[in-house]
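Worksheet for the structure shown next.
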Amino acid sequence: MPFLKYADAIYVGGEWEKTDRREAVINPADESLLIEAPVGSARQVEAAIGAARHAFDRSDWSHLPVAERQKILTRFLDALDARKGAIVDMIVAEAGATRMLAEFLQYGIPMKHARRTVELASRPAVTPLPVELTPNAQGRTTLGTGVVSREPVGVVAAISPYNFPFFLNVGKVVPALAVGCTVVLKPSPYTPMEALILGEIADEVGLPKGVLSIVTGDIETGKLLTTDPRVDLVHFTGSDKVGAMIQAQAAPTLKRIVMELGGKSALIVRSDADIQKAAAAGLMGFTTHCGQGCALTTRHLVHNSVRPQFVEALKGMLTHIRIGNPADPAVNYGPLIREVARKRTEDYVAIARDEGATLVSGGKRPEGLDKGFYFEPTLFDNVKNDSRLAQEEVFGPIGAVIGFDDDDEAIALANASDFGLSGAIYSADAGQAYRMALKIRTGGVSINGGAGTMQSDAPFGGIKRSGYGREYGEDGLNEFTYQKVIGFHAE
Ligand SMILES: NC(=O)c1ccc[n+]([C@@H]2O[C@H](COP(=O)([O-])OP(=O)(O)OC[C@H]3O[C@@H](n4cnc5c(N)ncnc54)[C@H](O)[C@@H]3O)[C@@H](O)[C@H]2O)c1
Ligand SMILES: C[N+](C)(C)CC=O
């Protein structure tokens, strides 16, 4: 399938450069070869950083009037929309997302966020300080005032994971460029195409050379980007384990970092909840993208009085799952990304059984699907919150049902996690759900199916091992800036 114009080259400083190394990228649905993707060399990665540094320091991008950057970025987003069909096909083939997920969540939402980000870039970048009268050394009063100016932080190394590749690449590149930063983007080696296509679009719309480079590779490329003194900010999305490595790698050069990491979020179902709606949310919480979502609610905390109904309802809904090749529009549940992820999920089934949890449904490779990295949606009941299944991020399709007896216990269980990314509450008493949401230590909580952090103006991010910093909305934009005070003096 000819997804890319330059499938054998990476985008360095505005030029397409062939690489010495190539690595196979396979389709997780059938293990077929998609492309022999280019892998950047250390020299090429260093050249991309150099080009970004030069483009930033020359200042013609960061000092452009914001309206000019907005025009270029709107052309950039329009050009992406013109290739939407091909990009959606790419996400289906490379990330294994079902067609519907690829179209609406993996493509549609980030494009909506990106257009809003471009609009928000014209927020006032300079705000006045109030006038202040201060006695000086001679006892005379001086007039203190000035402005606070938001400046682009500089060169950004954007590092993204495989599960929502287009979403997260666009979510890093667009706000960084909108405020005047320059960017070197490194995607996951499993999903390089959703990044390389951004280079083609940059070329097409005439983004100045060096403002955006796309380099490919894995750990070595990532290490170069996070240790090079010419990089000012690392904007990382991925696992907490790699996040911790990056924090250490970036420490000697004291880089700023934004970390969007993993989660083990709780769905709380109160006794007065609409059980059908809560079970539908529970289903989405571990089956969406085969469980490969950071903000999914994989821990289902259910009031013991309604737990049997919840589990039954969920079990019934699982019968509507159509597993198969996600390119087929009738399929609503695809594969995991690689065999290592499939095997890890299988291992957690064994761990959960050893821990005494009750297997309700799933637990193995689906029959008749021997090629591809498929795993049945798997539900466990009677899970203990301090078990490994409840505490560790599986990043595969396993839901864990845990009982509780009152709201305080539900809040305590939700918070008894090293992660703190998202959460959800179902209850007929929205006021009580809101009071509970205020006590839950995560970056966001959705009540009765509210859009929560998936809105374009809502800051997205976590606390604890889910990371720090925010994406999207004004706070997301501000992560790519620093504040400078310019003071005036008048006698
Ligand atoms: N919070 C969020 O917004 C969010 C969104 C999507 C995924 N995630 C998380 O991402 C993880 C799944 O994605 P993954 O398996 O691709 O993550 P990962 O952490 O294994 O890899 C992420 C990226 O880091 C790179 N990398 C690996 N080692 C590196 C190093 N030492 N230095 C620099 N870069 C390095 C990888 O090549 C990849 O591009 C899950 O934990 C998931 O929760 C978080
Ligand atoms: C990108 N997002 C937040 C939709 C899903 C994370 O894996």
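The values are calculated or read from the model by the stated rules, or taken from the named source; none is laboratory data. What you see is a predicted model, and the numbers here were worked out from it, not measured in a lab. Cβ coordinates were reconstructed from backbone atoms using ideal geometry, including for glycine residues, and neighbour counts include every protein chain displayed.
Remarks
- Flag set for Lys255, criterion: charged (D, E, K, R) and either at pLDDT below 95 or farther than 30 Å from Phe404 by Cα (or both).
- Unmet criterion (only one of (1) touching a His at 6+ places or on another chain (Cβ under 9 Å); (2) buried (at least 21 other Cβ atoms within 10 Å of the Cβ)) for Asp272: (2)
- Restricting the range 219-245 to residues that are near ligand 1 (Cβ under 8 Å from one of its atoms) and without any contact (Cβ under 8 Å) to a residue 60 or more places away in the chain leaves a set whose member that is farthest from Ala51 (Cα to Cα) is Lys241.
- Sole residue being more than 16 Å from ligand 1 (Cβ to nearest atom) and either farther than 22 Å from Asp386 by Cα or of a type in the set (Lys, Arg) (or both), chosen from Ser427, Ser456, Ser446: Ser427
- Which numbered condition Gly263 fails, given (1) within 14 Å of ligand 1 (Cβ to nearest atom); (2) surrounded by fewer than 16 Cβ atoms within 10 Å (Cβ to Cβ); (3) within 30 Å of Asp475 (Cα to Cα): (2)
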